[in-house]
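Student: The structure that follows is given in the form of structure tokens.
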Amino acid sequence: MRAFQWPWEARAHKGNQIQAASPSFYGMWDAVARFAAEIRASEFMTEMIRRRDAYGSEGVMGALDCATLYGLARWLRPAEVVESGGFIGMSSAIILKALADEKLATARLYSIEWSEECEHGALIPDDLRSQFVPLRGKVEDFVRSDRLPSSIDMFLHDSSHSYRHMLWEFRQFWRRLRDGGLLVSHDVQMNAAFPEFVTKTYAHDKKTGRRDAQRTSHHEWGRWGYIGFAIKKG
């Protein structure tokens, strides 16, 4: 059996249902909201915020965005995740917690951080580190190398938020995403890169102006707080 399953496939199997639910994305919003509320009320989030504030919160993801990221990861249940700009590990810890809560023991998070001045992954609790793969260097170099999986389930952009670099990362990692994979970006309010990228994945009927589902290359997209996401359609 393949490592990645659609969320509704995996949860139908866990529930011993005879047939998996159809691939509708309406329910994902309720599921992500439920998971996000769960983590925000948890002792884990309280402890992570304490660690973040003790270390210094500048440049570190806030609680709302962390909760959204956790909800998306819980919903997707990814096997292979890549993040750029891992920094001191706030987002890393949140993703790893989602993997642990879904009991995805073989899943891996590849976290890229170029700065030699930060303690990469410092905030990650020890019991979550076994699935953490720290990579020090530039994203561009790792894209050209064979140190990243060629096919992934989820990508989080949180490195340089320049318009040009964001678009470049979106295009590079969109190619690696499997059908149903998530492209996630933090700080989408910084510039027009994310909405411009999503626009490029649309196809429209020339007569009606409505979305042509057959030629559009995403299943769903959205924004919550400073987090934006798009679900790739293979």
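Student: Need the list of lysines near Lys233 for cross-linking: C-alpha distance under 18 angstrom, and skip anything on the same chain fewer than eight residues off.
Tutor: The reachable lysines, counting only those whose Cα sits under 18 Å from Lys233, are Lys200.
Student: What are the membrane-span-like helices in the chain by this rule: whole DSSP H runs, Cα extent along the axis at least 30 Å, mean Kyte-Doolittle hydropathy at least 1.0?
Tutor: Details: long enough: none.
None clear 30 Å together with a mean of 1.0.
Student: Quote the relative contact order of region 64-145 in percent (integer), defining contacts as alpha-carbon pairs under 8 Å separated by 6+ residues. Intermediate values should be presented prior to the final figure.
Tutor: Details: 137 pairs, mean separation 26.2, N = 82.
With pairs under 8 Å counted, the relative contact order is 32 percent.
Student: Pairs of alpha-carbon atoms within less than 8 angstrom and 6+ residues apart define the contacts here; what relative contact order does region 89-234 have, in percent? Spell out each step's value before the answer.
Tutor: Working: 215 pairs, mean separation 26.1, N = 146.
The value is 18 percent.
Student: So what is Rg over Rh here for the chain, counting just Cα atoms and using Kirkwood for Rh?
Tutor: Details: Rg = 17.3 Å, Rh = 18.1 Å.
For the chain, the value is 0.95.
Student: Would you give the gap between the C-alpha center of region 201-222 and the C-alpha center of region 29-103, rounded to a whole Å?
Tutor: What the calculation gives is 31 Å, centre to centre.
Student: Also, I was wondering about something else. Can you give me the long-range amide H partners of Met154? Hydrogens built in the peptide plane at 1.01 Å from N, cutoff under 5 Å, separation of 5 or more residues or another chain.
Tutor: Those qualifying (amide H under 5 Å, at least 5 residues apart or on another chain) are Glu80, Val82, Leu182.
Student: Output the antiparallel fraction of DSSP beta bridges having both residues in region 125-234, as a percent to the nearest 5. It would help to have the intermediate numbers written out before the result.
Tutor: Working: 11 of 16 bridges.
So the antiparallel bridges amount to about 70 percent of the total.
Student: Here's another thing I want to ask about it. Given a 10 angstrom Cα cut-off, can you work out which residue in Glu58, Glu47, Glu83 is the most mobile in a GNM of the chain?
Tutor: Taking springs between Cα atoms under 10 Å, the residue moving most is Glu58.
Student: If the elastic network links every pair of Cα atoms under 10 Å, which of Leu76, Leu182, Leu104 fluctuates the most in the Gaussian network model of the chain?
Tutor: With Cα springs under 10 Å in the chain, the top fluctuation among Leu76, Leu182, Leu104 is at Leu104.
Student: Here's another thing I want to ask about it. Grab the DSSP H runs of the chain that are 4 residues or longer, score each as -39,500 (n - 2.57), total them, divide by all residues and round the 222 nm result to the nearest 500 deg cm²/dmol. Display every interim value, and only then the final one.
Tutor: Details: 8 runs with 90 residues, N = 234.
When only DSSP H runs of four or more count, the value is -11500 deg cm²/dmol.
Student: How much net charge surrounds Cys66 when only the other residues with a Cβ under 15 Å from the Cβ of Cys66 are counted, with Lys and Arg +1 and Asp and Glu -1? Mind showing how you got there, number by number?
Tutor: Values: positive: Arg40, Arg50, Arg51, Arg52, Arg74, Lys97; negative: Glu38, Glu43, Glu47, Asp53, Asp65, Glu83, Asp101, Asp158, Asp187.
The answer is -3.
Student: Can you tell me the relative contact order of region 29-172? Whole percent, Cα pairs under 8 Å, sequence separation 6 or more.
Tutor: So the answer I get is 24 percent.
Student: I need Tyr202, Tyr226, Tyr110 ordered by Cβ neighbour count within 10 Å, fewest first. Don't skip to the answer; put the middle values down first.
Tutor: Details: Tyr202 13, Tyr226 16, Tyr110 20.
Fewest to most other Cβ atoms nearby, the residues stand as Tyr202, Tyr226, Tyr110.
Values quoted throughout were computed directly from the atomic coordinates according to the rules given, and no laboratory measurement underlies them. Predicted model, so just to flag it, every value in this text is computed and none were measured. Positions of Cβ are backbone-derived with ideal geometry, glycine not excepted, and every protein chain shown enters the neighbour counts.
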